[in-house]
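A.B. asks: Shown below is the structure under consideration.
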Amino acid sequence: MAVPVAYYLALSAVLFVMGALGVLVRRNAIVVFMSLELMFNAANLAFVAFARYYLQLDGQIIVFFVMTVAAAEVAVGLALMVAIFRARHSIDVDQMSILKG
Amino acid sequence: MTLDFTPILPFMIVAGAALALLVLDLFWPVRLKWLTPLLAAASLLAALVVELGQANYLRAGLSNMVIIDNFSVFANAIFICSGIAAIALAYDYIQRTGINHGEYYVLMLFSISGMLLMSTAADLIIVFLALELLSVPLYVLTGFARPRLDSEEAALKYFLLGAFSSGVLLYGIALLYGATSYTSLHGILSAVSRGTADMPLVVVGAAFLLVGVAFKGGVVPFHMWAPDVYQGAPTSVTGFMSVGAKAAGFVALLRIFVVAFPPVAVELTSVMNFLASLTMLIGNIAAIGQRNIKRMLAYSGIAQAGYMLMAFVPFGNKAIINDSVASMIFYLAVYAIASFGAWAVVVAVEQAEGRGLDIDDYAGLGRRYPLLGVAMLIFMLSFIGLPPTLGFWGKFYLFRSVIEGNYIVLALVGMLASLISAYYYLRVVVMMFLHDGANITVRRNWLLSGLVGVSALAVLLLGLMPGPLFQMAADALLRL
């Protein structure tokens, strides 16, 4: 029995909102980063669900691109966090307050 | 079946040069390090020649994923020229701040290749890929001055908020795909006009897209990251970012909205109108209180984004959209020239360990370095939009197209915002000429002086005869 596309979309919307809230609320940069990945994967789920719904391949191929891009972002993001952790032994985003005005 | 790569030839030149330099730079001995910026500039010049050769060459390529028209040629010429200017800006700066690694130029080339792809994107997935190709190298460049803490902090802030905006943008693309079953701009338009699209979902998707790009472009209320990032990044990167990254976002947004979204203009025009007004006012008012020149120019850049956003407001009005696009892209060129001049002055005045960046440090510089002072005066006048500088004509055409579209209130808000901006722009000049101050020695370097001189002359001379440049912008039509 096929699951209606609306179910996938609801799940994807929930994941996206959880991710967005996580970015806004959490303090640890790693957790913020995981929330970002949740947002990307919410979009991926929507792409795949729509691709299935329209019986097209386009949406699934887009997901490959998105995963590649997300992997590149992980590399850069983790490198930045390691550099910051070395300098100040914390990656709490609330302590990032040298720059203000 | 053969693939025709000519539409993305400039992109391939720049990206190929970046890949080659990434490897070659490892093998050059230290005394030959100057080859990297030289070859980077040479590859940009080659790309510029190819790009200009594609004027009046309308073609879609790679299964209609990309499209070249005069609009993309004009925008790409701006990106490539700003890349060359950014190399001139960086050459001396990264040597004296001890971050002279060849990767600097390589990352810059990657970022420019993303911009070149962005302006030709005719499919939302290309927009997403180009945006990431543009942004990810910029995150690294922002943190390039590590282990300086402010640079690292700026990089992390930029990275987290940049990735957040990419996520929002991507979700918007997913919703548009779901609503229309297409990701190409023409597919979306045709699905909407056939009536097969789910209209509420199209509006929500378009709004997500707008928010995603507004984040990147530093549009109020999504601008909080911009001043911090601009202040913390190495100054040469900030100069590049404030022109290139912002311009690329707006160029893509303009094409998306003008080509694909005229049917949702009813819902989104008022949102655009509100964002533009808010950005102009908040950007200019917040700039008044700044003491650090990089932060001040960051807020000024936010305000300038607001002016550019004015040109988006009539995106659904077929009668005047061509004028609007022309005035926006003309303004972009004007802003790029004056902006690089101003940043070159900031780089020249900056001292070791981040000193010399307060506006107070500029006291007396105009009297001791008259040419530098006059150049800064020209750039500031151009930012305000006073004649006889090029900035006057930029604002003139922009306001004219806004008034043509009958958005009188928006035009008045823009005028008021320009009036406010005169205060903080002129304060820098007053500080330079009418105050006495500490003895700051301005860095003398022929590349920087050249950049300041060329920009100042361009702002003045093109301000006296803006006709040819504006004609080029007017010919830079979007192919609908």
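A.B. asks: Whether any residue in segment B:141-154 is open to solvent by 10 Å² or more (accessible area, probe 1.4 Å) and of a type in the set (Val, Ile, Thr) is what I want to check.
C.D. replies: No - not one qualifying residue is present in segment B:141-154.
A.B. asks: Can you tell me which residue in segment A:27-68 is most open to solvent (accessible area, probe 1.4 Å), limited to those that are touching an Asp or Glu at 6+ places or on another chain (Cβ under 7 Å) and in contact (Cβ under 8 Å) with a residue 24 or more places away in the chain?
C.D. replies: The qualifying residue most open to solvent (accessible area, probe 1.4 Å) is A:ARG27.
A.B. asks: Continuing with the same structure: Taking B:ARG444 as the residue in question, decide whether it is surrounded by fewer than 21 Cβ atoms within 10 Å (Cβ to Cβ), among the charged types (D, E, K, R) and farther than 30 Å from B:ASN317 by Cα.
C.D. replies: Working: surrounded by fewer than 21 Cβ atoms within 10 Å (Cβ to Cβ): yes; among the charged types (D, E, K, R): yes; farther than 30 Å from B:ASN317 by Cα: yes.
Yes, satisfied.
A.B. asks: Right, another one. Looking at segment B:240-259, can you tell me whether even one residue there is among the hydroxyl-bearing types (Ser, Thr, Tyr) and open to solvent by 20 Å² or more (accessible area, probe 1.4 Å)?
C.D. replies: Quick first cut of segment B:240-259, residues among the hydroxyl-bearing types (Ser, Thr, Tyr) only: B:242.
So of that shortlist, the ones also open to solvent by 20 Å² or more (accessible area, probe 1.4 Å) come out as none.
Scanning segment B:240-259 turns up no residue that is among the hydroxyl-bearing types (Ser, Thr, Tyr) and open to solvent by 20 Å² or more (accessible area, probe 1.4 Å).
A.B. asks: Given the structure, is A:LEU24 more than 8 Å from chain B (Cβ to nearest Cβ), surrounded by fewer than 16 Cβ atoms within 10 Å (Cβ to Cβ) and more than 18 Å from the chain's Cα centre (by Cα)?
C.D. replies: Taking the combined requirement at face value, the residue does not satisfy it.
A.B. asks: Okay, next question. Looking only at segment A:69-101, count how many residues are free of Cβ contacts under 8 Å to residues at least 60 places away in the same chain and either farther than 19 Å from B:PRO147 by Cα or among the charged types (D, E, K, R) (or both).
C.D. replies: Total satisfying the criteria: 10.
A.B. asks: Can you spot a residue in segment B:74-91 that is touching a residue at least 12 places away in the same chain (Cβ under 8 Å), crowded, with 22+ Cβ neighbours inside 10 Å and touching a Lys or Arg at 6+ places or on another chain (Cβ under 8 Å)?
C.D. replies: No, segment B:74-91 has no match at all.
A.B. asks: Do you know which residues across segment B:170-182 are within 28 Å of A:GLY77 (Cα to Cα) and surrounded by fewer than 24 Cβ atoms within 10 Å (Cβ to Cβ)?
C.D. replies: Listed by number, the list holds a single entry, B:GLY172.
A.B. asks: Turning to a different aspect of this structure: For segment B:457-466, what are the residues that are open to solvent by less than 50 Å² (accessible area, probe 1.4 Å) and part of a helix (DSSP H, G or I)?
C.D. replies: Selection gives B:ALA458, B:VAL459, B:GLY463.
A.B. asks: Just wondering, is there one or more residues in segment B:117-126 that are open to solvent by 10 Å² or more (accessible area, probe 1.4 Å), more than 9 Å from every other protein chain (Cβ to nearest Cβ) and closer than 21 Å to B:LEU22 by Cβ?
C.D. replies: Yes, the conditions are met somewhere in segment B:117-126.
A.B. asks: From the set of residues in segment B:278-316 that are open to solvent by 10 Å² or more (accessible area, probe 1.4 Å) and among the small types (Gly, Ala, Ser), which is nearest to the other protein chains (Cβ to nearest Cβ)?
C.D. replies: The extreme case among them is B:GLY289.
A.B. asks: Only one of (1) over 22 Å from the mean Cα position of the chain (by Cα); (2) farther than 10 Å from B:TYR105 by Cβ; (3) open to solvent by 60 Å² or more (accessible area, probe 1.4 Å) fails for B:LEU22. Which number is that?
C.D. replies: Just one mismatch for B:LEU22, condition (2).
A.B. asks: Residues B:THR269, B:THR279: which one is part of a helix (DSSP H, G or I), of a type outside the set (Gly, Ala, Ser) and over 16 Å from the mean Cα position of the chain (by Cα)?
C.D. replies: On inspection, the qualifying residue turns out to be B:THR269.
A.B. asks: Same structure, new question: Could you please let me know if B:LEU62 is open to solvent by less than 20 Å² (accessible area, probe 1.4 Å) and either among the aliphatic types (A, V, I, L, M) or under 21 Å from the mean Cα position of the chain (by Cα) (or both)?
C.D. replies: Judged against the criteria, B:LEU62 is not a match.
A.B. asks: Okay, next question. Looking at (1) farther than 30 Å from B:VAL325 by Cβ; (2) under 20 Å from the mean Cα position of the chain (by Cα); (3) open to solvent by 10 Å² or more (accessible area, probe 1.4 Å), can you tell me which one B:VAL346 breaks?
C.D. replies: Tallying (1) farther than 30 Å from B:VAL325 by Cβ; (2) under 20 Å from the mean Cα position of the chain (by Cα); (3) open to solvent by 10 Å² or more (accessible area, probe 1.4 Å), B:VAL346 fails exactly one: (3).
A.B. asks: Okay, next question. Working only within segment A:1-17, note down all residues that are within 12 Å of chain B (Cβ to nearest Cβ) and touching a residue at least 24 places away in the same chain (Cβ under 8 Å).
C.D. replies: Within segment A:1-17, A:VAL5, A:TYR8, A:LEU9, A:SER12, A:ALA13, A:LEU15, A:PHE16 meet the criteria.
A.B. asks: Name the residues in segment B:177-196 that are of a type in the set (A, V, I, L, M, F, W, C) and more than 10 Å from chain A (Cβ to nearest Cβ), would you? First the steps, then the outcome.
C.D. replies: Just the residues of segment B:177-196 that are of a type in the set (A, V, I, L, M, F, W, C), to begin with: B:179, B:185, B:188-189, B:191-192.
Hits for segment B:177-196 are B:LEU185, B:ILE188, B:LEU189, B:ALA191, B:VAL192.
A.B. asks: Can you name the condition, by its number, that B:ALA319 falls short on among (1) under 27 Å from B:VAL237 (Cα atoms); (2) away from chain A (no Cβ under 14 Å); (3) of a type outside the set (Phe, Trp, Tyr)?
C.D. replies: Looking at each condition in turn, B:ALA319 falls short on (1).
A.B. asks: A follow-up question, please. Please count how many residues of segment A:38-60 are within 18 Å of the chain's Cα centre (by Cα) and within 9 Å of another protein chain (Cβ to nearest Cβ).
C.D. replies: Total satisfying the criteria: 11.
A.B. asks: Taking B:TYR158, is it within 8 Å of chain A (Cβ to nearest Cβ) and in contact with a Phe, Trp or Tyr (Cβ under 7 Å, 6 or more places away or on another chain)? Steps first, answer last, please.
C.D. replies: On the way: within 8 Å of chain A (Cβ to nearest Cβ): no; in contact with a Phe, Trp or Tyr (Cβ under 7 Å, 6 or more places away or on another chain): yes.
So B:TYR158 fails the test.
A.B. asks: Scan segment B:317-334 for residues that are open to solvent by 20 Å² or more (accessible area, probe 1.4 Å) and either touching a Phe, Trp or Tyr at 6+ places or on another chain (Cβ under 6 Å) or of a type outside the set (A, V, I, L, M, F, W, C) (or both) and report the count.
C.D. replies: Total meeting the criteria: 4.
A.B. asks: Within segment B:197-210, can you find the residues that are away from chain A (no Cβ under 11 Å) and hydrophobic (A, V, I, L, M, F, W, C)?
C.D. replies: Once the filter is applied, which keeps residues that are away from chain A (no Cβ under 11 Å) and hydrophobic (A, V, I, L, M, F, W, C), segment B:197-210 yields B:ALA197, B:MET199, B:VAL202, B:VAL203, B:ALA206, B:ALA207, B:LEU209, B:LEU210.
A.B. asks: Kindly indicate the residue of segment A:84-94 that is under 24 Å from A:LEU24 (Cβ atoms) and within 9 Å of chain B (Cβ to nearest Cβ) and also most open to solvent (accessible area, probe 1.4 Å) among those meeting that condition.
C.D. replies: A:ARG88
Table: residues versus (1) in contact (Cβ under 8 Å) with a residue 40 or more places away in the chain; (2) assigned to a helix (DSSP H, G or I).
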{"site": "B:SER421", "(1), (2)": "yes, yes"}
{"site": "B:ARG427", "(1), (2)": "yes, yes"}
{"site": "B:MET431", "(1), (2)": "yes, yes"}
{"site": "B:ASP436", "(1), (2)": "yes, no"}
{"site": "B:VAL442", "(1), (2)": "yes, no"}
{"site": "B:GLY450", "(1), (2)": "yes, yes"}
{"site": "B:SER455", "(1), (2)": "yes, yes"}
{"site": "B:PRO468", "(1), (2)": "no, yes"}
{"site": "B:ALA474", "(1), (2)": "yes, yes"}
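The values are calculated or read from the model by the stated rules, or taken from the named source; none is laboratory data. Fair warning: this is a prediction, and the values are worked out from it, not measured in the lab. Cβ coordinates were reconstructed from backbone atoms using ideal geometry, including for glycine residues, and neighbour counts include every protein chain displayed. Just the protein is used for accessible areas: all its heavy atoms, side chains included, with ligands, DNA and RNA removed. Shrake-Rupley method; radii C 1.70, N 1.55, O 1.52, S 1.80 Å.
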